[in-house]
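Asks: One structure coming up, written as C-alpha cells, with questions to follow.
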Amino acid sequence: MDTLQELLDIDGVVAAVDFSLDGSLLDYEAKMDMSEELAQKTAQYCAAVSLMFNTLASSFTDLSGMNWVPQHGWAYSGGEWTVCIGADGKRGVLVETSLADFNELFEALGGERYS
C-alpha cells in the first residue's frame with residue numbers, strides 16, 4: 001500500500017486521509033487548502049459510511065447467499081469530485097473525477113484492479 005504522499009502523486013488526487021472506524025483522524029496530506037478540522041470531518045464522514053457498508057454487506061451476504069464481506073473499499077462520486085476508500089474502509093483519497101484512474105486508485109489503496 002502506498003504512503004499518503006505517494007497517493008497524492010496520483011493524477012487528480014488532492015487529499016489523502018487515514019482514519020479509524022470510530023472516525024478519528026490518524027493522518028492526512030493535501031495539495032489543496034485543507035484544514036485539520038476539514039480533514040477530521042472528512043475522516044468522520046468516511047468512517048460513518050464505511051461502518052454503514054460493513055453492516056449492509058453483512059446483511060446482504062445473509063440475504064443473497066453471495067459473499068460481500070469483508071469490505072475492501074467503496075467510492076462516491078458527485079459534482080466534480082470522487083472519494084475513494086480502501087484499506088478495509090480506513091484510508092481514502094479525494095480526487096477530481098475527470099482526472100481519476102479508478103483502477104490505479106483502488107490498487108494504490110490496497111485493493112485490486114477492476115477490468
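Asks: Go through (1) more than 22 Å from residue 108 (Cβ to Cβ); (2) surrounded by fewer than 16 Cβ atoms within 10 Å (Cβ to Cβ) for residue 23 and report which single condition fails.
Replies: Among (1) more than 22 Å from residue 108 (Cβ to Cβ); (2) surrounded by fewer than 16 Cβ atoms within 10 Å (Cβ to Cβ), residue 23 violates only (2).
Asks: Next question, about the same structure. Only one of these is more than 13 Å from the chain's Cα centre (by Cα) and among the hydrophobic types (A, V, I, L, M, F, W, C): 75, 100. Name it.
Replies: Answer to the selection: 100.
Asks: If residue 67 meets every condition in (1) surrounded by 17 or more Cβ atoms within 10 Å (Cβ to Cβ); (2) free of Cβ contacts under 8 Å to residues at least 24 places away in the same chain; (3) over 17 Å from residue 109 (Cα atoms) apart from one, which number is that one?
Replies: (1)
Asks: What are the residues in segment 33-53 that are over 20 Å from residue 86 (Cα atoms) and open to solvent by 70 Å² or more (accessible area, probe 1.4 Å), if any?
Replies: If the condition is that a residue be over 20 Å from residue 86 (Cα atoms) and open to solvent by 70 Å² or more (accessible area, probe 1.4 Å), then 33, 36, 37 are the ones that fit.
Asks: Okay, next question. With the requirement that a residue be among the polar types (S, T, N, Q) and under 26 Å from residue 6 (Cβ atoms), what does segment 45-96 give you?
Replies: Selection gives 50, 71, 77, 82.
The values are calculated or read from the model by the stated rules, or taken from the named source; none is laboratory data. Since this is a predicted model, take the numbers as computed values, not measurements. A quick note on method: Cβ atoms are made from the backbone with ideal geometry, for glycine too, and the neighbour counts reach across all protein chains shown. Heads up: the accessible areas ignore ligands, DNA and RNA and are worked out on the full protein's heavy atoms, side chains in. Shrake-Rupley method; radii C 1.70, N 1.55, O 1.52, S 1.80 Å.
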